[in-house]
Each structure stands twice: as structure tokens, then as C-alpha cells.
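**Q** Quick one: the structure is below, and I'll ask about it shortly.
The values are calculated or read from the model by the stated rules, or taken from the named source; none is laboratory data. Computed from a prediction, not measured in an experiment: that's the story for all the values here. No Cβ is skipped: glycine too gets one built from the backbone with ideal geometry, and neighbour counts run over all protein chains shown.
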Amino acid sequence: MSSDRHRELIERLVEDARPVAPLWSPAVRLALWLGLATVIFMLTVHAGLRRDLGARLGDPLFCLELVTLLTGAVALAALAFRAAVPGREPGRREVGVAAGLVALAAVLWLRLPMRTEMPISEFVHVGSGCMARTVLLAAAPWAALLVALRRGAPLAPVTAALLAAGAAFVMAFAVMRLVCNLDELLHILVWHAGPILGGMAVSALIGVAWLSRWRRGDL
Amino acid sequence: MSAVSDERSARRGAWMQRVQNGDRDAYRALLDDIGPVLLAFLRRKVADPHDADDMFQDTLIALHRARHTYDSSRPLEPWLFAIARNVAADHHRRRLARLSWEVLVEVPCDVPADASLDERDLDEALRRLPPAQREAFAMLKLEGLSVEAGAARAGITPGALRVRAHRAYTRIKALLQGDR
């Protein structure tokens with residue numbers, strides 16, 4: 001530590017050592033995030049669920065799909081919170097398990113009919129409504145996650161942002177399965193799963209532009 | 001971990017907790033304690049000691065900005081070395097990007113070598129460049145300065161000089177081709 005340059009920097013850092021509020025643990029932040037997600041879920045229930053929900057919940061595969069989606073969303077959110085803490089970043093295997101849960105749900109969609117005889121205009125009209133609702137449901141949890149990540153120090157900001165979008169949009173997708181009456185594969189893929197991919201793309205850009213800023217700027 | 005390293009780790013964790021409360025003495029003690037360890041870690045990552053010094057500085061700044069994310073119930077070292085590893089990885093990425101710029105800059109500019117060109121055309125093209133780009137081109141290609149020397153003279157980083165020079169070549173080429 002003989003270098004004058006290093007000594008000078010250390011003195012500058014010491015000079016700048018104001019008290020900071022320690023970040024809450026990922027578990028506490030996840031619990032708060034789940035609270036927000038629950039509020040949104042309750043509002044959705046209040047607004048109305050699909051007409052045949054009772055019958056659908058009698059289908060074990062539908063229940064398995066919901067469970068894997070919700071578990072996957074919570075796992076992705078947990079990993080996102082950890083991604084904001086140096087030394088606690090999720091490993092590839094953990095991300096793989098969370099993504100695998102969502103992939104399992106996607107495999108379960110294959111049992112659905114591709115498309116009924118719906119005219120294209122109706123397909124677009126009904127679908128765009130579903131897409132808007134998916135984005136609306138995901139918006140608050142997604143924004144909350146991004147703000148929480150920005151409060152931390154994500155060493156891999158793009159990965160952190162992708163996990164955040166994955167968590168919020170998969171959660172919204174699961175809720176939409178309780179709301180939307182259509183069980184058609186094409187509808188689900190285009191209007192329900194499409195926003196997940198779109199949200200992740202936008203989130204990656206946010207990761208590059210915004211989440212990486214914690215390391216920039218003057219002391 | 002041995003009892004000694006456990007004790008050292010606990011001491012560092014306690015210092016860091018005090019740093020989060022704004023304790024400057026604890027901060028100085030912590031940085032003095034981890035400095036040699038960090039520097040040795042970074043020197044194992046790169047061959048050039050100057051690069052290791054730069055990475056060390058970047059690591060300390062990143063540590064400072066991320067100090068609120070340290071969880072005092074956990075050992076400090078995984079947190080610290082995750083930051084250092086990330087800084088080293090960033091450094092390697094930037095180095096690769098810089099090398100690719102160097103390749104771009106080192107590609108000989110075919111336009112001035114063209115025998116059909118009048119020297120006055122080149123002068124005119126140079127005159128029409130923004131001053132910063134003209135200066136970059138003149139230093140690297142007319143005066144033959146190295147990128148480092150040119151950057152030092154212009155008061156900018158070598159990377160920024162390379163970018164300016166590359167833009168100058170592209171602009172000159174376009175201007176000369178437009179004149180033909």
C-alpha cells in the first residue's frame with residue numbers, strides 16, 4: 001500500500017464515509033414484494049375471475065400449471081433480490097431451476113387446442129385486451145422490483161433486470177390464467193406469453209441504462 | 001477457515017458495520033487491512049501491474065458505493081471478492097473493446113494513399129472536420145504520435161482519442177469520395 005495514488009483514494013473515500021442505511025435482506029424484501037403481489041391479486045379477484053374457474057380448478061393439470069407458474073415467479077423474484085447483493089448472486093443452477101418451473105408450465109400448455117374458429121379481428125381484439133391487462137398486472141411488481149434492485153448494487157445488471165421482469169410477468173401470466181376465459185394455445189402464446197418476452201427485452205435495456213448506474217458518478 | 005482467519009474476518013465485518021454508521025477510523029482501518037489482500041488478488045488476474053492498480057482503485061470505489069449492501073450477519077470476504085471479481089471482469093471486457101478499437105484505428109486509411117487524390121483535397125477534408133477529430137487525425141497520422149502520447153497531449157483517455165480518430169477517418173473518406 002505504498003502507492004501515493006492508492007493512499008490518496010483511500011483518504012477521499014474515508015472523507016466521504018457518510019452513514020448509509022443498510023439494505024434489507026433479500027428475504028425481507030421478497031416478503032414485501034409478495035405483499036404487493038397479493039394486493040394486486042386481491043384486486044383482480046375483486047374485479048372478476050373467469051366464469052368456468054370452478055371447473056378448471058378441478059383439472060389437476062390446470063392446478064399444476066398454476067402452481068409451477070406461481071412458484072417460478074416467486075423463485076425468480078427471490079433470485080432478483082439476491083442479484084442486487086454482491087456475493088449473493090444466483091448461480092446458473094438456481095436460475096435454471098426457476099426457469100425450468102416456468103418451462104414446465106409452458107409444456108403443459110401444449111395440451112390446449114391451438115385455435116378455435118375465432119375470426120382474426122376478434123382474435124386481435126380479445127387478445128390485445130388480455131395483453132394490456134397482463135402488462136397492467138405486471139407493471140407495479142416489475143417497477144417495485146427494479147427500484148429495489150437499483151437500491152442495491154447489482155453486479156450483473158442485465159441478469160438482475162431479466163429476473164425482475166420474469167418474476168413480474170410470470171406472476172401476471174398466472175393471474176391472467178384465472179381471469180381469461182380462453183384456453184387456446186395461440187391466444188395464450190401471443191397475448192399472454194408475448195408480454196413476458198417483451199417485458200424481459202425492455203427490462204434488459206433498463207438494466208443496461210439504469211441498474212448499472214450505481215457504479216458511475218463522482219464520489 | 002482457521003481460528004485466526006475467522007477472527008480476522010469477524011474484525012473486518014465489525015469494521016464494515018461501523019463504516020455503514022459513518023465511522024471514518026473504522027473505514028481507514030478496514031481499507032488498510034484489505035488493501036494488500038485485494039491488490040494481491042487483482043495482480044493474479046492481470047499481468048500488467050498498472051492494470052492491477054487501476055482495477056484496485058475501481059474496486060475500492062465500487063466497494064464504497066455498495067457499502068450499504070453488506071449484510072453484517074455474513075462474512076465480509078465473499079461480498080468483497082465478488083465486487084473485485086466483477087471489476088476484473090469489467091476490466092477484461094473493456095480491454096477487449098479497446099483492442100478492437102485499436103484494430104480499427106490501425107487499419108491503414110486507404111484514401112490518402114490513393115494516387116489520384118490531390119493533396120489539396122485532403123487539406124480541404126481536414127479543414128471541414130470538427131476540431132477535435134482534426135486534432136486526433138493530425139496527431140496520429142500526420143505527426144505519428146502514439147495513441148497514449150496523443151491522448152496525454154489532448155487531455156483525454158486513449159480510448160476517446162481512438163474513437164475521435166476513427167470518426168475522422170470515416171468522415172475524411174466520405175468527404176473525399178463525395179468530391180470525386
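**Q** Could you please find all residues in segment B:55-71 being buried (at least 17 other Cβ atoms within 10 Å of the Cβ) and in contact (Cβ under 8 Å) with a residue 24 or more places away in the chain?
**A** Within segment B:55-71, B:MET55, B:ASP58, B:THR59, B:LEU60, B:ALA62, B:ARG67, B:TYR70 meet the criteria.
For every residue, the table says whether it meets (1) loosely packed, with under 13 Cβ neighbours inside 10 Å; (2) over 19 Å from B:ALA97 (Cα atoms).
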site	(1), (2)
B:PRO131	yes, yes
B:MET139	no, yes
B:LEU145	no, yes
B:ALA152	no, yes
B:GLY155	yes, yes
B:ALA160	no, no
B:ALA165	no, no
B:LEU175	no, yes
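**Q** Separate question: Here are the criteria: (1) surrounded by fewer than 19 Cβ atoms within 10 Å (Cβ to Cβ); (2) of a type in the set (A, V, I, L, M, F, W, C); (3) modelled with pLDDT of 95 or more. Tell me which single one A:PHE123 does not satisfy.
**A** Condition not satisfied by A:PHE123: (3).
Residues checked against (1) more than 10 Å from chain A (Cβ to nearest Cβ); (2) assigned to a helix (DSSP H, G or I); (3) within 16 Å of A:ARG12 (Cα to Cα):
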position	(1), (2), (3)
B:PHE41	yes, yes, no
B:VAL46	yes, no, no
B:MET55	yes, yes, no
B:LEU60	no, yes, yes
B:SER72	no, no, no
B:PRO78	no, yes, no
B:ALA82	no, yes, no
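**Q** Kindly check whether there is at least one residue in segment A:165-175 that is buried (at least 24 other Cβ atoms within 10 Å of the Cβ), in contact with a Cys (Cβ under 9 Å, 6 or more places away or on another chain), part of a helix (DSSP H, G or I) and more than 14 Å from every other protein chain (Cβ to nearest Cβ).
**A** No; the residues of segment A:165-175 include none that is buried (at least 24 other Cβ atoms within 10 Å of the Cβ), in contact with a Cys (Cβ under 9 Å, 6 or more places away or on another chain), part of a helix (DSSP H, G or I) and more than 14 Å from every other protein chain (Cβ to nearest Cβ).
**Q** Would you mind stating whether A:PRO19 is farther than 16 Å from A:ALA148 by Cβ, within 14 Å of another protein chain (Cβ to nearest Cβ) and not acidic (Asp, Glu)?
**A** Criteria met by A:PRO19.
**Q** Now for a different question. Where the second residue is buried (at least 19 other Cβ atoms within 10 Å of the Cβ) and of a type in the set (Gly, Ala, Ser) and the first is away from every other protein chain (no Cβ under 12 Å) and more than 16 Å from B:LEU80 (Cα to Cα) and lies in segment B:6-32, which pairs have Cβ atoms under 6 Å and are six or more apart or on separate chains?
**A** Matching pairs, first to second residue: none at all.
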